[in-house]
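Report on the structure given below.
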Amino acid sequence: MLNRQDGTGFTTGRSVYWDRAPGSDERTAKVFVKVAVEALPGPIVIVAQLDTGAAWSMLNAEIAEAMGLLEGDGEQTALLTRFGRVVGRLERADLQILADDGDSLTIQATVWVSPGWNRGTFLGYSGLLQNIRLAIDPSDNSFHFGAL
């Protein structure tokens with residue numbers, strides 16, 4: 001885990017990230033991390049792309065449906081994506097960033113969901129990343145994280 005200069009903790013967990021999503025043909029490197037979501041009948045582990053430029057975290061429709069979020073009554077919000085304009089809703093959900101070392105981090109996040117979104121799961125700035133500490137070490141593909 002990472003510490004500040006005064007010795008106090010900056011992060012409490014570390015995981016290895018992937019440069020490419022499993023099975024993807026994407027040519028450019030990204031940062032993909034393991035996230036667990038609660039859904040019936042048990043927790044589901046997904047690979048999510050870290051996207052500090054995304055307005056909101058976005059859950060793939062299959063994941064959002066398993067979590068019961070597509071029937072929510074959150075604020076209707078349209079997002080302009082590289083695939084065009086998509087309408088969805090902002091909902092609250094517990095997500096857990098999984099640690100390979102140290103402690104996993106559970107955070108209640110605001111996520112955007114839409115029955116028409118099947119382009120992957122993204123961890124965005126508003127409602128999630130703005131509420132955690134994070135650091136990336138590309139020398140060994142380490143993603144460090146912790147609560148504020």
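The values are calculated or read from the model by the stated rules, or taken from the named source; none is laboratory data. If you're wondering where the values come from, they're calculated on a predicted model, not measured in any experiment. Glycine also receives a Cβ, built like all others from the backbone with ideal geometry; neighbour counts cover every protein chain displayed. What goes into the accessible areas is simple: the full protein's heavy atoms, side chains included, and nothing from ligands, DNA or RNA. Shrake-Rupley method; radii C 1.70, N 1.55, O 1.52, S 1.80 Å.
The figures follow:
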item: Probe 1.4 Å - accessible area at Glu62, Å² to nearest ten; result: 130
item: Accessible area of the chain divided out per residue, in Å², using a probe of 1.4 angstrom; result: 55
item: Value of [θ]222 nm, deg cm²/dmol, for the chain, DSSP H segments ≥ 4, -39500 (n - 2.57) each, nearest 500; result: -1000 deg cm²/dmol
item: Among Arg85, Arg133, Arg20, residue whose mean-square fluctuation peaks in a GNM of the chain (springs only between Cα atoms under 10 Å); result: Arg85
item: Apportionment of accessible area to carbon and sulfur, the chain, percent (1.4 Å); result: 47
item: Euclidean distance between Cα centres, region 1-61 to region 64-123, Å; result: 13
item: Shape call, region 31-92: gyration tensor on alpha carbons, a/c limit 1.5; result: oblate
item: At R0 = 41 Å, FRET efficiency that the Cβ-Cβ distance of Asn118 and Thr8 yields, to 0.05; result: 0.45
item: Which of Thr106, Thr12 is most accessible, then next, and so on - probe 1.4 Å; result: Thr106, Thr12
item: Kirkwood hydrodynamic radius (C-alpha pairs) into Stokes-Einstein, the chain, 10 °C and 1.306 mPa s, D in µm²/s; result: 100
item: Tensor-based shape of region 8-66 (alpha-carbon gyration tensor, a/c under 1.5 rounded, otherwise prolate or oblate); result: oblate
